[in-house]
Amino acid sequence: MSTEPESAMTYDAGPHDAEGWKLHDDGTRVHRYDCTIHDGDGCDGHCGPAAAGPDDETDAGDEDTDWIANQVGPRKVGGRYYNGYWGQEYEVLSIDDKPDGWGPWGMTVLWDDGRKTTHCTAWDPKRDRVIAQPPQPDVTIVSIGRLHDEDKGEWADVLQHATIALDLRRHFRDPHALSADLRQLTAHDQVVRDTVMATPGVREVITATALQVQGYLAGPTAAPLTVVTQCAGGRHRAATTAMALRAVVAGDVEQAAAYGLADAAKKFVGRDLVVDLVHRDLDKDVVDR
């Protein structure tokens with residue numbers, strides 16, 4: 001199946017310069033996708049070389065995600081990197097592997113000159129370099145849906161590496177069992193978060209888990225922790241509890257208060273822990289069962 005986006009330019013169409021950049025008719029270099037910095041009216045200079053097509057990057061049968069990972073390279077959100085062509089450093093603000101409409105992935109960056117742009121320029125190992133990767137997290141919180149355990153991906157085997165694992169499937173009912181209107185919603189929706197947090201026992205479990213995290217961090221050996229929250233589909237209970245736990249452990253009292261957990265978060269204020277939040281299955285389709 002082709003991974004070529006409808007908005008992409010043909011890989012080998014049109015003129016290219018000696019370094020492999022695709023050229024406009026006037027000889028200026030262009031980006032291979034229509035995006036926020038190449039909208040048909042010219043480029044602002046940060047489009048970069050045309051990224052190779054997926055057929056050039058991966059063997060037949062490889063997943064699209066492998067091609068995207070190759071394009072992104074070592075770049076991570078919060079890291080600083082040097083663009084070898086433009087001679088500028090930039091910070092990565094976000095990486096989106098499912099942008100709407102203009103390409104298969106996108107990256108928003110903040111340049112040293114203060115401009116913020118979004119593009120999908122591939123990492124060039126010959127020109128680009130890492131200045132500083134983001135700090136390693138002290139705690140990584142991952143929400144998963146056990147119905148997706150057979151899916152492939154970066155976090156497919158996260159349970160095997162979990163320091164703490166919460167299974168919310170049996171003791172806490174799925175919110176859409178209480179209201180069918182919630183079935184197509186997710187923890188991105190306030191009503192879902194409110195419903196989960198109103199379930200008796202959920203706040204107590206989150207508070208107790210935060211104390212477990214505190215206990216592990218007090219140990220004599222410094223080591224990162226991975227906390228996994230689990231439900232059936234990963235869209236409601238696991239995602240909501242992961243969001244709430246992240247607010248508590250990060251010491252974000254204001255955010256934790258939205259979950260009724262301000263007092264729990266106060267115990268972590270001033271610790272400046274780096275806490276990553278990953279939703280493995282939150283945005284996947286509802287599983288019929």
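Could you check, for segment 269-284, whether at least one of its residues is part of a loop (DSSP other than H, G, I, E, B), closer than 27 Å to D174 by Cα and out of contact with any helix residue (DSSP H, G or I) (no Cβ under 9 Å at 6 or more places or on another chain)? Walk me through how you get there before you give the answer.
Step one: filter segment 269-284 for residues part of a loop (DSSP other than H, G, I, E, B), giving 269-274, 280-284.
Remaining after also requiring closer than 27 Å to D174 by Cα: 280-284.
Pick out the ones that are also out of contact with any helix residue (DSSP H, G or I) (no Cβ under 9 Å at 6 or more places or on another chain) and you get 283.
Yes, segment 269-284 contains at least one residue that is part of a loop (DSSP other than H, G, I, E, B), closer than 27 Å to D174 by Cα and out of contact with any helix residue (DSSP H, G or I) (no Cβ under 9 Å at 6 or more places or on another chain).
Quick test of your reading of the structure: R115 fulfils all but one of (1) more than 22 Å from the chain's Cα centre (by Cα); (2) under 24 Å from W67 (Cα atoms). Name the failing condition by number.
For R115, the failing item is (2).
Can you name every residue in segment 163-188 that is surrounded by 15 or more Cβ atoms within 10 Å (Cβ to Cβ), modelled with pLDDT of 90 or more and within 21 Å of A257 (Cα to Cα)?
Of everything in segment 163-188, just one residue is surrounded by 15 or more Cβ atoms within 10 Å (Cβ to Cβ), modelled with pLDDT of 90 or more and within 21 Å of A257 (Cα to Cα), namely A187.
Among the residues of segment 71-87, is there at least one that is in a helix (DSSP H, G or I), surrounded by fewer than 17 Cβ atoms within 10 Å (Cβ to Cβ) and either modelled with pLDDT under 90 or over 21 Å from the mean Cα position of the chain (by Cα) (or both)?
No, segment 71-87 contains no residue that is in a helix (DSSP H, G or I), surrounded by fewer than 17 Cβ atoms within 10 Å (Cβ to Cβ) and either modelled with pLDDT under 90 or over 21 Å from the mean Cα position of the chain (by Cα) (or both).
If I ask for residues that are crowded, with 19+ Cβ neighbours inside 10 Å, under 17 Å from M197 (Cβ atoms) and among the β-branched types (V, I, T), which ones from segment 210-253 would you list?
T229, T240, T241, V248, V249
Please determine, by comparing only the residues of segment 166-177 that are in a helix (DSSP H, G or I) and not aliphatic (A, V, I, L, M), which one is farthest from T199 (Cα to Cα). Step through it out loud before you land on a result.
Of all residues in segment 166-177, those in a helix (DSSP H, G or I) come to 175-177.
Still in the list and also not aliphatic (A, V, I, L, M): 175-176.
Working: P175: 9, H176: 13 Å.
So, considering only residues that are in a helix (DSSP H, G or I) and not aliphatic (A, V, I, L, M), the one farthest from T199 (Cα to Cα) is H176.
Can you tell me how many residues in segment 272-289 are without any contact (Cβ under 8 Å) to a residue 24 or more places away in the chain and open to solvent by less than 30 Å² (accessible area, probe 1.4 Å)?
0
Restricting to segment 145-165, count the residues that are outside any loop (DSSP other than H, G, I, E, B) and under 14 Å from L282 (Cα atoms).
Final tally of qualifying residues: 4.
The values are calculated or read from the model by the stated rules, or taken from the named source; none is laboratory data. Keep in mind that what you see is a predicted model, and the values were worked out from it rather than measured. In this analysis, Cβ positions are derived from the backbone assuming ideal geometry, glycine residues included, and neighbour counts consider all displayed protein chains. Accessible surface areas use protein heavy atoms only, side chains included; no ligands, DNA or RNA. Shrake-Rupley method; radii C 1.70, N 1.55, O 1.52, S 1.80 Å.
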